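Below you'll find the structure, written out as structure tokens, and then a few comments.
The values are calculated or read from the model by the stated rules, or taken from the named source; none is laboratory data. Owing to the predicted nature of the structure, the values given are computational and were not obtained by experimental measurement. Here Cβ is always computed from backbone atoms with ideal geometry, including for glycine, and neighbour counts include all displayed protein chains. Each accessible area value is taken on the protein alone, full model and side chains, heavy atoms only, with ligands, DNA and RNA left out. Shrake-Rupley method; radii C 1.70, N 1.55, O 1.52, S 1.80 Å.
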Amino acid sequence: QTEKRQPDKKLFDNAIELRESGKLHEAIVLLNDSLGAFLDDPNLLALLSHCYILDDRLTDAATYIDKAKEIDPDIALVGWNEARLLLKQAKVGEALVVAKRANRTFPDDVEGMVVLGSCLRFNGDTDEAFTILNKAIEHNPHYAEALVNRGLLSLNKEDKINALKDLEKAYQLKPHLKQIWQIVLNLKMEARQFKDVISFSEKMLELDPNDEKILTACALCYYKLQNFDQAILTLKKVININPDHFEAYNNIGAALQAQGKLEEAASAFKNVLKIKPDLVEGYNNLAIALKDQGKVEEAVATYEKAISLNPNDVQTSTNLAILLFESKKFEEAEKLFTLDRKAVSQSFLLKCFYELDKETKFYEQLDYMVKQGLNNCVIGSYIFRAERRYGKKIENPFCNEPYKYVKKIDLKEKCDFKNIFIKTANDILIDKTVKHKSQGHLKNGIQTAGNIFNQVGSVTDQMQNIIRSELEKYRRSFGNSKEGFIKKWPKNYSISGWLVSMKSGGELAAHIHDTGWVTGSVYINVPPKSKTESGNLVVTTDDQKKFLDGVENRKSLNVVTGSMCLFPSSLLHYTVPFESDEDRIVLAFDIIPEP
């Protein structure tokens, strides 16, 4: 008899190296080429079966595991790969029986521990799975599959911190493990590690440049980092791969809208509706873009189309209600706001009751909101307005004494105001790519659309840095205050800003910025005064015209070029009309709390 030949170690090592680096096709070719000489070697057959399992070719995997079992059913690799195949076939109970039997025979085999841990995880035996996987990782801290399984177990228990640690390490060890790509990115996005997501995405795209989900996640992070141009470029790659990817068009529209490019945003949302003509979200977003362009009737019609497609879509109804409120159709708006229990709608409902002079309902709504733990500038503002109207003085959870928190700062003493603010603002105002929006409170002037800090690249970075520095000084200066807006100062916030340029006779009517926490303004150019208060900023707790010209409940700030004003967003503010050949230019901004 001729001596039985055995495959040499180099063949196995080469095949395993290819498998471990994700080159499954090459590993399969190598092993198949060797089968003629070693057809009776169960380890080679089992290894080939594993490669087919990883490549989701389960029929071929079953063929070779059966051949291996016929030769020797009791070797470790046969047992592990039989369990793996059964798991892939969703035969969890059978897989667990095989894995436990093999583990009893080879209790110290780390690969076997991981397979058993995986079977236990799928079977819902969480504690036992953790025990066996911890043991495997103690033996080999760099076993990627063990880390993946433990990470997924942690994720099932809502332990996202440890889940991310394990899954991120597994990715570093084996970047080709595509099944964990999206999970790692999602966890990092939840942790607001947007720069990390972009870095990881770029590495993943080197392995699979046409992965639409990875490109979309990368674009979303660029959006979160306010790099809208790069977000749009990335989303266009998605569309090149899949021209019918309506979500990409939708996200492009959102990025354009954030840049104040309202017509282009509307065009992107129309592309969404060409692909998905029944998509409620598409109509909703298009209506917002139309509203910001001042096309109120078109916006209303577009909202109504969305509601006709889905009468139960609360967000669209709320957006329509806001537009109706701004159009002073308070009764219609009230009916729609009652359908939504979110804080925004509840704040608008409070405003509706005030505008409709429904005193009892106003105080019932106010009491409900306070008991729900809501606190914002709308509550703070309307408590004062109602006090003036109805004579009821109650505790204000936002700010009881807002005039104490009005601050004027001279920025000329703190920075190169001419280059940082004046030159930058003038460059923005003559930039034809920066769009303007309709502003109902503004007379004889223009206002830039969207957040100016997102529209012109890094040229406003120095402005933002100075504003953030002054805001932090403002917060610290009132650190011992018991007022709600100081005590609950948002840990995370964004700054939303816009430029207002008014010509002679221009004015801004009394209003608040509903989403703000602290409101501010930087005076880029204030013309010489023809009267004592010409062009002044006035803050007040009153909204009734008959009170605005008096000295009670108001504070007039004598602003000049270089002034910066900060005050609680609950205070109404307006400007005194002025006469001059020069334009009055102001950078207005709010800090917006983030979740």
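Computed log10 I(q)/I(0) for the stretch 361-432 at 0.20, 0.24, 0.28 Å⁻¹: -0.81, -1.07, -1.29, from the Debye equation with unit scatterers placed on every C-alpha and solvent omitted.
Considering only 256, 245, 231, and ranking their Cα positions along the charge dipole of the stretch 222-266 that arises from unit charges at the beta-carbon of Lys, Arg, Asp and Glu, the one farthest toward the positive end is 231. Ligands, DNA and RNA are left out, and with a 1.4 angstrom probe the accessible area of the stretch 85-207 is 50 Å² per residue. For residue 532 and residue 206, the FRET efficiency from 1/(1 + (r/R0)^6), where r spans their Cβ atoms and R0 equals 60 Å, is about 0.35. For the set 84, 101, the ranking by accessible area, highest first and with no ligand, DNA or RNA atoms included, is 101, 84 under a 1.4 Å probe. Pairs exceeding 18 Å between alpha-carbon atoms, taken from 408/473; 174/195; 328/351: 174/195. Among 568, 369, 504, whose Cα projects farthest towards the positive end of the dipole of the chain, with charges put on the beta-carbon of Lys, Arg (+1) and Asp, Glu (-1)? Comparing the listed Cα positions along the dipole, 504 ranks first.
Relative to the longest principal axis of the Cα atoms of the chain, the long axis of helix 343-355 lies at roughly 20 degrees. Residue 498 contributes an accessible area of around 30 Å² to the protein surface, as traced by a 1.4 Å probe with all chains present.
The P(r) of the stretch 338-462 has a tail past 24 Å containing 54 percent of all C-alpha pairs.
Specify, per residue and in Å³, the volume enclosed by the convex hull of the alpha carbon atoms belonging to the chain.
199 Å³
Computed with a 1.4 Å probe over protein heavy atoms only, the accessible area of residue 111 comes to about 40 Å². Which FRET efficiency, nearest 0.05, do residue 123 and residue 361 yield, Cβ-Cβ r, R0 51 Å? Step by step, r from the Cβ atoms, then E = 0.40. Our summary gives the stretch 322-388 a relative contact order of 25 percent, counting only alpha carbon pairs under 8 angstrom and 6 or more residues apart. Multiplying the residue separation of residue 195 and residue 487 by 0.36 nm and removing their Cα-Cα distance gives an extension gain of 102.1 nm. Cross-link list 67/100; 392/491; 270/361: which exceed 30 angstrom alpha carbon to alpha carbon? Flagged as over cut-off: 392/491; 270/361.
Taken over the alpha carbons of the stretch 243-298 as equal point scatterers, the Debye sum produces base-10 log I(q)/I(0) values at 0.18, 0.23, 0.26 Å⁻¹ of -0.49, -0.77, -0.96.
The orientation-averaged projection of the convex hull spanning the C-alpha atoms of the stretch 297-339 amounts to 2.6 square nanometres.
In the chain, the longest principal axis of the Cα atoms and the axis of helix 262-275 are about 40 degrees apart.
Over the chain, what relative contact order in percent results from Cα pairs under 8 Å that are six or more residues apart?
8 percent.
Globularity index of the stretch 196-297 is 1.10 (Cα radius of gyration / 2.2 N^0.38 Å, N = number of residues). Derived scalar couplings between HN and Hα for the stretch 162-173 equal 6, 4, 5, 4, 5, 5, 5, 5, 4, 5, 4, 6 Hz in order, rounded to whole Hz, by the Karplus curve 6.51 cos²θ - 1.76 cosθ + 1.60 (θ = phi - 60°), x for Gly and Pro.
Taking only protein heavy atoms and a 1.4 Å probe, the accessible area of the chain is 49% carbon and sulfur. Counted residue by residue at 0.36 nm each, then reduced by the alpha carbon distance between them, the extension gain from residue 514 to residue 478 reaches 10.7 nm.
Mind running the shape call on the stretch 448-487? Use the C-alpha gyration tensor, a ≥ b ≥ c as the square roots of the eigenvalues: rounded below 1.5 for a/c, prolate if a/b tops b/c, oblate otherwise. Mind showing how you got there, number by number?
Details: a/c = 5.68, a/b = 2.28, b/c = 2.49.
Since a/c reaches 1.5 but b/c is at least a/b, the shape of the stretch 448-487 is classed as oblate.
Here r is the Cβ-Cβ distance between residue 236 and residue 389 and R0 is 45 Å; the resulting FRET efficiency, rounded to 0.05, is 0.25.
So what is the orientation-averaged projected area of the stretch 502-595, using the convex hull of its C-alpha atoms, in nm²?
The orientation-averaged projected area of the Cα hull of the stretch 502-595 comes to 6.0 nm².
Between the helical axis of 110-123 and the longest alpha-carbon principal axis of the chain there is an angle of about 60 degrees.
Taking the Kirkwood radius as the inverse of the mean 1/r across Cα pairs, report the Rg/Rh of the stretch 48-111. For the stretch 48-111, the value is 0.95. Distance from the alpha carbon centroid of the stretch 491-512 to that of the stretch 106-167 works out to 55 angstrom.
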